[in-house]
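Below: the structure, in structure tokens.
The values are calculated or read from the model by the stated rules, or taken from the named source; none is laboratory data. Note that the structure is predicted; figures quoted are calculated from it, not measured. Cβ: placed from backbone, ideal geometry, glycine included. Neighbour counts: every protein chain shown. Please note that ligands, DNA and RNA were not included when accessible areas were found on the heavy atoms of the full protein model with its side chains. Shrake-Rupley method; radii C 1.70, N 1.55, O 1.52, S 1.80 Å.
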Amino acid sequence: MVSRSTNNEQLQKTHNKQQTTNNEQQIYMALFITLDNVYKHYNVDTVEKTDGIIVYHQYGNVIGSYTKNSRLFEGLLLGFVLKGTMTTQIHFSDYEVQAGDIAVVPPQVMIETKALSEDAEVLSIGLSLDFISTFPVLRELVMKDQIRWQPLVRLKDEDFSLQVELLQLVEKVYHRKEGSSKTEMLRHLVMVLMNLVLEYYEDKPIHAIQTKNRTHEIIDAFYSLVSTYAHTHRDVQFYADKLHLSSQYLSTFLKQNTGKSTLQWIDHILVLHAKTLLKSTSLTIKEISHELSFADTSVFCRYFKRNTGVSPKVFREEA
């Protein structure tokens, strides 16, 4: 029987030292983007700030319109290439994104815009975790392995004109002066777009990823495990045992390659699950606490507030 330490040594030897160095540099240079700081990084007018949604343009011929830093966005990011081409790296793989393509980037996945053609125009829509938690179908989408490895979407010809019209409407409403119904209108328009994307993934077969290496395999296996077990297993050792790694190695590996440690990922998935139940079900907070395997309601409430800054009751009551 091979010991866990032997497995760790063999695993570490499979990683090229230069690749590890590159990964470490990529993480240290990465920008963590939230809906609060995106205005600072992308020169977006804060007057247009809308709860849970950000809309902004990037142009290939405008200096400062985009940065080459690796980025981790806290929520779901959609990049609609309106003109030209964009060369990007999403979750360790390089893509040439053409006009008409949509890049779908799930939360906390590394993305780097390497180049935009001179005539490129990209419209990006970012959705916060709170927005995602309001719609269970979005939570299911962001948890799928498929969109990490097949992030490019091209809608059917008959849906393309609808996509163009919807994007124009989204921009018009987003730039509209603040009103009581602005956020609600944006949410409905964005969800129509998202349903077009969902239809695409439902119709598209899941192909084996030919370029996966050991790094990709570990990350995918961990994502699958944490998505399934975060609500019942919050101990790091559980995931390390499942992956036949030491808990220290797993946390260091995840931190270097995804920007989050094992425990941070467990908290991230569990909080997203809790937010979804609070926003989209009529379960009581006590029932949700039980659903998520907390010893009692007070423990759950303290945990939720520590990770979000608000209590479950306040979060549920917020618009």
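Is at least one residue of segment 258-281 open to solvent by 40 Å² or more (accessible area, probe 1.4 Å), among the polar types (S, T, N, Q) and at pLDDT below 90?
Yes: one or more hits.
Go through segment 271-305 and count every residue that is closer than 20 Å to residue 52 by Cβ and not charged (D, E, K, R).
10
Looking at this structure, is residue 41 at pLDDT below 70, under 28 Å from residue 185 (Cα atoms), surrounded by fewer than 20 Cβ atoms within 10 Å (Cβ to Cβ) and not hydrophobic (A, V, I, L, M, F, W, C)?
Against the criterion (at pLDDT below 70, under 28 Å from residue 185 (Cα atoms), surrounded by fewer than 20 Cβ atoms within 10 Å (Cβ to Cβ) and not hydrophobic (A, V, I, L, M, F, W, C)), residue 41 qualifies.
Please give the number of the condition residue 178 fails out of (1) at pLDDT below 85; (2) surrounded by fewer than 16 Cβ atoms within 10 Å (Cβ to Cβ); (3) outside any loop (DSSP other than H, G, I, E, B).
For residue 178, the failing item is (3).
Evaluate segment 110-118: report whether one residue or more is within 19 Å of residue 198 (Cβ to Cβ) and not β-branched (Val, Ile, Thr). Even if it seems obvious, please write down each step before you answer.
Quick first cut of segment 110-118, residues within 19 Å of residue 198 (Cβ to Cβ) only: none.
Looking for residues that are within 19 Å of residue 198 (Cβ to Cβ) and not β-branched (Val, Ile, Thr), one finds none in segment 110-118, hence no.
Any residue in segment 172-194 that is closer than 15 Å to residue 134 by Cβ and without any contact (Cβ under 8 Å) to a residue 24 or more places away in the chain sitting within a Cβ distance under 6 Å of a residue that is open to solvent by 20 Å² or more (accessible area, probe 1.4 Å) and of a type in the set (S, T, N, Q)? List the pairs, counting only those 6 or more apart or interchain.
Listed pairs, sorted by first residue: none to list.
Within the group 64, 100, which residue is on the phi > 0 side of the Ramachandran plot, surrounded by fewer than 21 Cβ atoms within 10 Å (Cβ to Cβ) and either modelled with pLDDT of 70 or more or part of a strand (DSSP E or B) (or both)?
100
Is it the case, given these coordinates, that residue 243 is open to solvent by less than 80 Å² (accessible area, probe 1.4 Å), out of contact with any Asp or Glu (no Cβ under 9 Å at 6 or more places or on another chain) and of a type in the set (A, V, I, L, M)?
Values: open to solvent by less than 80 Å² (accessible area, probe 1.4 Å): yes; out of contact with any Asp or Glu (no Cβ under 9 Å at 6 or more places or on another chain): yes; of a type in the set (A, V, I, L, M): yes.
Yes.
Could you list all residues from segment 282-299 that are assigned to a helix (DSSP H, G or I) and either open to solvent by 20 Å² or more (accessible area, probe 1.4 Å) or free of Cβ contacts under 8 Å to residues at least 24 places away in the same chain (or both)?
Matches in segment 282-299: 285, 286, 287, 289, 290, 291, 297, 298, 299.
Of everything in segment 144-159, what is surrounded by 13 or more Cβ atoms within 10 Å (Cβ to Cβ) and in a helix (DSSP H, G or I)? Give them in sequence order.
Those that are surrounded by 13 or more Cβ atoms within 10 Å (Cβ to Cβ) and in a helix (DSSP H, G or I): 145, 146, 147, 148, 149, 159.
Considering every residue within segment 197-216, establish whether at least one is at pLDDT below 90, under 28 Å from residue 270 (Cα atoms), among the basic types (Lys, Arg) and buried (at least 18 other Cβ atoms within 10 Å of the Cβ).
Scanning segment 197-216 turns up no residue that is at pLDDT below 90, under 28 Å from residue 270 (Cα atoms), among the basic types (Lys, Arg) and buried (at least 18 other Cβ atoms within 10 Å of the Cβ).
When you go through (1) touching a residue at least 24 places away in the same chain (Cβ under 8 Å); (2) farther than 23 Å from residue 220 by Cβ one by one for residue 146, which number turns out not to apply?
Against the list (1) touching a residue at least 24 places away in the same chain (Cβ under 8 Å); (2) farther than 23 Å from residue 220 by Cβ, residue 146 comes up short only on (2).
Given the structure, is residue 192 in a helix (DSSP H, G or I), at pLDDT 80 or above, over 20 Å from the mean Cα position of the chain (by Cα) and within 21 Å of residue 79 (Cβ to Cβ)?
No: the conditions fail for residue 192.
Under 6 Å by Cβ, and 6 or more places apart or on different chains, what pairs join a residue from segment 218-232 that is farther than 10 Å from residue 254 by Cα with one that is charged (D, E, K, R)?
Within 6 Å, the pairs are 220/145; 225/242.
Of the residues in segment 73-92, how many are under 17 Å from the mean Cα position of the chain (by Cα) and either open to solvent by 20 Å² or more (accessible area, probe 1.4 Å) or under 12 Å from residue 126 (Cα atoms) (or both)?
Matching residues across segment 73-92 total 10.
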